[in-house]
1. List every residue pair whose Cβ atoms sit under 7 Å apart, with the two residues 6 or more apart in sequence or on different chains, where the first one lies in region 418-443 and is modelled with pLDDT of 90 or more and the second, anywhere, is of a type in the set (Ser, Thr, Tyr) and open to solvent by less than 10 Å² (accessible area, probe 1.4 Å).
2. Within region 1-59, take every residue that is of a type outside the set (A, V, I, L, M, F, W, C) and modelled with pLDDT under 50 and give me the one that is surrounded by the fewest Cβ atoms within 10 Å (Cβ to Cβ).
3. Would you point out the residue of region 506-517, among those that are within 32 Å of the chain's Cα centre (by Cα) and open to solvent by less than 80 Å² (accessible area, probe 1.4 Å), that is farthest from Pro575 (Cα to Cα)?
4. Taking region 240-266, which residues are in contact (Cβ under 8 Å) with a residue 60 or more places away in the chain and in a strand (DSSP E or B)?
5. Pick from Leu288, Leu336: which is open to solvent by less than 10 Å² (accessible area, probe 1.4 Å), out of contact with any Lys or Arg (no Cβ under 8 Å at 6 or more places or on another chain) and not polar (S, T, N, Q)?
6. Among the numbered criteria (1) open to solvent by less than 30 Å² (accessible area, probe 1.4 Å); (2) within 27 Å of His160 (Cα to Cα); (3) part of a strand (DSSP E or B), which one does Lys110 miss?
7. For a quick check of your reading of the model, give me the residue pairs whose first member lies in region 381-406 and is among the basic types (Lys, Arg), whose second is not in a helix (DSSP H, G or I), with beta-carbon atoms closer than 6 Å and at least 6 apart or on different chains.
8. Please find, within region 464-496, the residue that is surrounded by the fewest Cβ atoms within 10 Å (Cβ to Cβ) out of those that are of a type in the set (Phe, Trp, Tyr) and in contact with a strand residue (DSSP E or B) (Cβ under 8 Å, 6 or more places away or on another chain).
Amino acid sequence: MKWLRCFGLIALFGILSPLNAKNMHYTLTIPEPSNHYAEITLRFQADKAGDYFFSLPTWTPGSYLIREFSKSVEQVAVFGSNSTLPYEKVAKNKWRVSVKSPGEIKIAYKVYCFEFSARTSFIDADQALINGASVFMFVEGLEKNKGTVTITLPQNWKTHISSMQDQKTEGGIRYDFLNYDILVDAPIQLGNFEVFQFDILNIPHYVAMVGAHNADMPTLKRDMQKMCATMAKIVGEFPKDIKPYKYVFIVQHVMAGGGGIEHLNSTVLVMPRFNYSNPRTYHGFLSLVAHEYFHLWNVKRIRPVALGPFDYHQENYTKSLWIAEGITSYYDELALLRAGLVNKEHFLGVLEGYINGHENRPGSSIATLHEMSLDAWIKEYRPNENSKNTGYSYYSKGFIIAALLDAKICQTTQGKKSLDDVFRKLWKDFYGADKFGIIGTGYTDEEFLSVCNEIAGERLNSLFYDWLETTKAPDYEVLFSGFKDLGIEMKSSQPLSFNLQTRNENGKLFISYIHRSGTAAALGLNVNDELISFNGYRITDNLEKLSAQLGDPNDLDFWISRNGIMINFKGKHVPVTEISWNLFLKAKAKSEDFWQQDGSLQYWLRSTL
């Protein structure tokens with residue numbers, strides 16, 4: 001099966017046969033940046049008469065949501081060697097042109113680019129962030145062809161960067177790509193911005209700092225290099241698929257917001273511009289750096305079979321996003337520890353927070369981890385007021401399972417192996433072997449489990465079934481019991497709570513979330529109800545504070561406004577059981593001699609066996 005999957009992948013990427021000499025040639029111009037339009041042309045050689053279909057992706061790899069990029073396309077025109085050619089739009093993101101004889105075809109169109117995020121394209125007077133999936137159409141059947149993108153820079157824009165290889169042209173720049181998948185997986189940043197560089201294992205890494213910010217540049221460079229070096233140690237080598245190899249960080253600075261998205265040899269990160277001076281948010285940014293950077297191994301090369309080659313027209317389903325994102329989330333927090341930027345108590349606090357947050361979320365008992373991964377396309381990026389009641393993120397539970405799997409492997413091997421060894425094995429078996437070519441092949445869920453079993457030296461099938469196919473809580477006390485210097489305690493309580501969350505709008509307090517089993521649900525309150533009074537007193541900005549001032553009465557009397565109608569609700573508290581897991585280091589574990597120099601969880605667990 002691996003050979004068949006590999007052959008299909010290689011054939012699509014154009015590795016076994018010589019690259020098609022009839023390249024795809026794109027041009028991109030931005031005549032008036034303040035109008036937010038990119039003008040695109042695509043030239044290719046039609047080698048025979050017939051119908052040609054050209055399309056724009058509906059989604060971008062790394063972000064599992066149908067984004068309908070074609071909604072921003074306009075003024076499409078198609079030209080032959082000597083004349084304009086008629087075309088027909090045949091689907092929401094697909095056009096057809098009938099060609100009567102071989103020759104060059106040019107497709108021209110405009111794209112409105114004014115949706116700012118790490119996943120979309122954005123153009124304004126100061127800069128352009130070009131996300132390939134939202135801008136560059138492809139000709140169906142020619143996706144494996146190599147090509148070029150020639151960009152004319154707007155006046156006074158001096159800098160540009162992408163992970164693709166580049167060379168200067170008159171008035172602009174040209175990027176070369178091996179195939180369409182690489183083109184859309186290599187964002188392009190244009191404008192005026194500063195760039196700094198550091199090397200990891202002799203590979204140049206470039207960081208584009210776009211927009212105003214308050215970072216201390218020497219400190220940021222040192223810490224980003226430290227985080228990248230920490231992540232690179234896990235697998236221990238860089239990919240072989242693009243040479244000369246480089247890696248690019250594009251850091252977009254904003255007033256508020258955040259996030260990031262991985263690409264084949266680059267990432268786009270969003271950072272509030274003044275957050276570098278806050279230790280908590282600065283560590284959060286470094287964690288994001290580690291997360292997106294580790295994706296160049298985990299998901300871009302070591303990947304589920306469904307995630308490459310891509311179908312750009314529709315969803316690409318997989319049950320393994322908990323591996324791609326959840327395990328990566330575990331490693332990005334562990335990286336802070338390994339790099340010496342946080343201490344062991346901090347890391348345990350983060351793990352404890354993930355466990356308690358997940359186990360006390362109502363949706364944790366509704367859906368399995370495999371189901372949440374498969375439903376990413378309709379749930380992860382489309383949360384609503386009821387999402388906490390019906391599910392959770394595969395990032396969060398994936399983090400927990402990664403920690404448990406790491407601990408289990410350390411236990412079964414007496415500290416000789418860890419989760420790191422799983423990824424080294426996956427790299428060797430599904431990417432690094434010469435028989436897979438320069439692209440590699442994907443793994444199935446069964447193959448991932450098989451590698452874990454091999455590294456652990458023990459069958460973990462029943463554990464994996466419980467973790468992935470059921471909603472029951474893992475037995476944390478048992479799974480962590482093998483580490484004599486690690487303490488774990490579980491407590492349960494039923495605190496008095498209204499089990500709701502609120503939002504303030506123009507001085508009015510509205511319900512934004514209701515726990516499916518708590519007091520508010522039992523009383524009959526609804527999301528979007530305006531809270532007016534509680535036990536005869538006007539509610540201003542904090543229901544819990546008012547209740548405490550009244551001595552937390554058990555007899556409850558609410559007046560609310562629902563669609564402008566006043567309604568009275570009376571009842572009593574319905575306590576919800578909350579679980580509290582407490583992870584801590586015992587007295588012996590606090591000595592400096594206990595902690596290993598590199599801060600590796602593997603060495604920590606090894607020393608506690």
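1. Leu426/Tyr443; Phe430/Thr441; Phe430/Tyr443
2. Pro18
3. Among residues in region 506-517 that are within 32 Å of the chain's Cα centre (by Cα) and open to solvent by less than 80 Å² (accessible area, probe 1.4 Å), the one farthest from Pro575 (Cα to Cα) is Phe510.
4. Correct list: Tyr247, Val248, Ile250, Gln252, Val254, Gly259, Gly260, Ile261, Glu262, Ser266.
5. Exactly one of Leu288, Leu336 is open to solvent by less than 10 Å² (accessible area, probe 1.4 Å), out of contact with any Lys or Arg (no Cβ under 8 Å at 6 or more places or on another chain) and not polar (S, T, N, Q), namely Leu336.
6. Of (1) open to solvent by less than 30 Å² (accessible area, probe 1.4 Å); (2) within 27 Å of His160 (Cα to Cα); (3) part of a strand (DSSP E or B), only one is false for Lys110: (1).
7. Final answer for the pair search is Lys388/Arg361.
8. Initial filter on region 464-496 (of a type in the set (Phe, Trp, Tyr)): 464-465, 467, 476, 480, 483.
Imposing the further condition that a residue be in contact with a strand residue (DSSP E or B) (Cβ under 8 Å, 6 or more places away or on another chain) reduces the set to 476, 480.
Numbers: Tyr476: 20, Phe480: 22.
Looking at residues that are of a type in the set (Phe, Trp, Tyr) and in contact with a strand residue (DSSP E or B) (Cβ under 8 Å, 6 or more places away or on another chain), I get Tyr476.
The values are calculated or read from the model by the stated rules, or taken from the named source; none is laboratory data. Computed from a prediction, not measured in an experiment: that's the story for all the values here. Quick reminder, even Gly has a Cβ in these numbers, built from the backbone with ideal geometry, and neighbours come from all protein chains shown. Keep in mind that these areas ignore ligands, DNA and RNA; they rest on the heavy atoms of the full protein, side chains included. Shrake-Rupley method; radii C 1.70, N 1.55, O 1.52, S 1.80 Å.
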